[in-house]
Amino acid sequence: MPSASMAGGHTPPHSYEEKMIRLSSIGVCFILIVAATSGCGDKIDPLSAPPGGGNGGGDDGPTYVQDIRSILDQNCLPCHSTSKAGSQRNGAPPTINFDTYELAVANIERANARIQAGTMPPTSGLEPENRTTVLDWLAAGIPRGEP
Ligand code: HEC
């Protein structure tokens with residue numbers, strides 16, 4: 001009588017298990033790649049964001065004008081704008097505003113603390129990629145960028 005167990009080498013449960021192991025190691029690699037590129041701590045990628053920046057060059061790290069202003073406009077100005085008063089501010093402190101580069105820089109440490117904690121905007125915090133952009137901007141020395 002031919003033995004079924006010697007036939008294919010792999011029984012279905014075995015190959016399923018192998019597939020799962022392969023899939024989960026792909027997942028682990030993906031997570032490691034994301035962790036490595038999204039700035040754990042304040043490491044900055046020397047290729048994309050040279051420290052000190054210079055003024056112009058080929059620097060494509062985040063700048064206020066190119067990256068940060070739109071994040072603040074969309075996520076913070078609904079409450080933290082000098083154009084809002086009283087109840088329009090939804091409880092945001094009158095002195096914390098982000099309308100301009102100067103205002104953003106003046107409040108950046110407190111703002112970043114809340115952004116990284118995920119408690120501003122109060123609803124659900126900033127999207128993870130926007131949090132990373134803000135961190136990269138800080139690491140690059142909060143450059144203003146071209147108008
Ligand atoms: C829906 C309205 C709203 C939005 C949008 C919002 N905030 Fe706030 N913010 C508040 C309120 C209300 C407070 C005061 C209560 C508190 O501190 O949680 C506050 C307080 C703050 C403070 C002061 C905390 C301190 O150090 O005393 C900072 C800084 C701040 N927000 C930053 C931000 C940033 C940055 C964004 C956008 C990424 C943002 N907020 C978006 C309503 C808002």
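Figures for the structure shown
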| quantity | calculated |
| --- | --- |
| Matching residues in region 111-124 - criterion: being within 8 Å of the ligand (Cβ to nearest atom) and farther than 22 Å from Thr100 by Cβ | Thr119, Pro122, Thr123 |
| Failed condition for Val105, given (1) surrounded by fewer than 18 Cβ atoms within 10 Å (Cβ to Cβ); (2) within 14 Å of the chain's Cα centre (by Cα); (3) more than 10 Å from the ligand (Cβ to nearest atom) | (2) |
| Criterion: small (Gly, Ala, Ser) and closer than 16 Å to Pro62 by Cα - qualifying residue of Gly91, Gly145 | Gly145 |
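Any read-out appearing in this document is the output of simple, stated calculations on the displayed coordinates, not a laboratory observation. These figures come from a predicted structure and were not determined experimentally. Cβ: placed from backbone, ideal geometry, glycine included. Neighbour counts: every protein chain shown.
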